[in-house]
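Here, each number is a calculation from the coordinates, and none is a lab measurement. The structure presented is a predicted model; accordingly, all values stated were derived computationally and were not measured. Cβ placement follows ideal geometry from the backbone for every residue including glycine, while neighbour counts extend to all protein chains displayed.
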Amino acid sequence: MFKKVFFEISGACQARCPYCCTGNRSLKNQPNRFIPIKEFDSAVERLYKNRLIDSLSRFDLYNWGEPFLHPNFIEILQVLGNCHARYRLSTNAAKYIKLPSVLTGNMTRLTISIAGFSQSSYDRVHGLNFDLILKNIRRFADEIGAKKLWITYLVHQFNLNEIREAYRYFRKLGIRLAFTVAYMNDYNLSRNYLSGSVSSDQLKKMGKELFLSYVEDIIHSRPKDFICPQFSILALDEFCNVLTCCAVPKGHPDYSLGSLFSLTADEIRQDKLTRDVCQECSRLGIDYWIHTPPKFDFLNYLTGEGIPAADLIEMLKWRIIAKFKRLW
């Protein structure tokens, strides 16, 4: 049984992230669409019927696309609601859709990724309206509650000075805030970078925007017995193709294993273990890189890498109280 399913329901995204294969439009010549409701319903039914998933499995309704752009987004959620499936959403919050409470009971999390805390930062990454993003975040928080909402701050070199303001803003709203260092969400770009094939101009731009000093150390620390988590994750695109993993982009020879509707469960499990791209990914260390977030001291001291700011404040408060009790 696969416990996690990345199911792309939208092949489009309005953001212009330069280090994402969707945002930088490197996939513009590849086919994309919004998955039809009936086809999504049939795919979910087949996953259960072929025992690829069970009641404990979770759907992540995204990969490189923006799920809230789907014109029948609520109907997609209704399909999962009919089978009581757990699911998670991720969005850039540029589009707001009211989520009916009857459909959010099985939603484990709504993650909203932000590119900084100013319009100037958004102009450099997402290319979206920052004020609209904040407005939609507040609407989602009021609608589903802060407990299921998670804001992920994508740390770049140019938005470091905005971290404190973002931290204070979301703390007042009682919304979780976590930090992750922005990386290359583009397999071809990652491969070219590690093999020294990127142009000098592109490398110069990366050096001004991304944190890259840790990459070599991360890769060198890769355990010899490391097993890529992607082998235990099932990924499907908006055409119901079963993917090698959620990182190999469209157009790559090893992008897809074939259609979900023509492959058996055994074929899917076996084929995921025999792809040439996996050997390359492992040899370069990309598999370990994308699954091992760096732990920078300046982030740890501010909020703790991956720890919600509100939780960290609570931890610090009780430590201070305990210290004073010992002194007393």
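Annotations
- Where both bridge residues fall in segment 4-327, DSSP classifies roughly 15% of the beta bridges as antiparallel.
- More than 11 angstrom apart: percent of Cα pairs within segment 1-50: 76 percent
- Placing dummy labels 7 Å off each Cα toward the beta-carbon, the span from LYS3 to HIS252 is 2.5 nm.
- Length-normalised contact order for segment 4-327 - Cα pairs under 8 Å, 6+ apart - percent: 19 percent
- Counting neighbouring beta carbons within 10 Å and listing from fewest to most, the residues THR111, THR244 come out as THR111, THR244.
- In terms of surrounding Cβ atoms within a 10 Å radius of their Cβ, ASP237, ASP41 rank from fewest to most as ASP41, ASP237.
- Leading residue at positive end of dipole, the chain (Cβ point charges), from PRO31, ASN136, GLY258: ASN136
- Stretching the chain fully between SER118 and ASN50 yields a gain of 19.7 nm (0.36 nm per residue, less the alpha carbon separation).
- In plain terms, the chain from LYS172 to ASN29 could stretch by 47.1 nm, reckoned as 0.36 nm per residue minus the Cα-Cα distance.
- Local electrostatic count, ASN136, Cβ distance below 14 Å [Lys/Arg +1, Asp/Glu -1]: +1
- Per residue Cα convex hull volume in Å³ - calculated over segment 56-141: 94 Å³
- Panel order for CYS240, CYS83, CYS281, CYS21, by other beta carbons found within 10 Å of each beta carbon, from fewest to most: CYS83, CYS240, CYS21, CYS281.
- For segment 4-327, the equivalent ellipsoid derived from the alpha-carbon gyration tensor has semi-axes of 31, 26, 21 Å in decreasing order.
- The chain: DSSP helices with Cα axial extent of at least 15 Å and average Kyte-Doolittle hydropathy no lower than -0.5: 130-144, 309-327
- Under Karplus coefficients 6.51, -1.76 and 1.60, residue-wise ³J(HN,Hα) of segment 264-274 in Hz, glycine/proline x: 7, 4, 5, 5, 5, 5, 6, 5, 5, 9, 10
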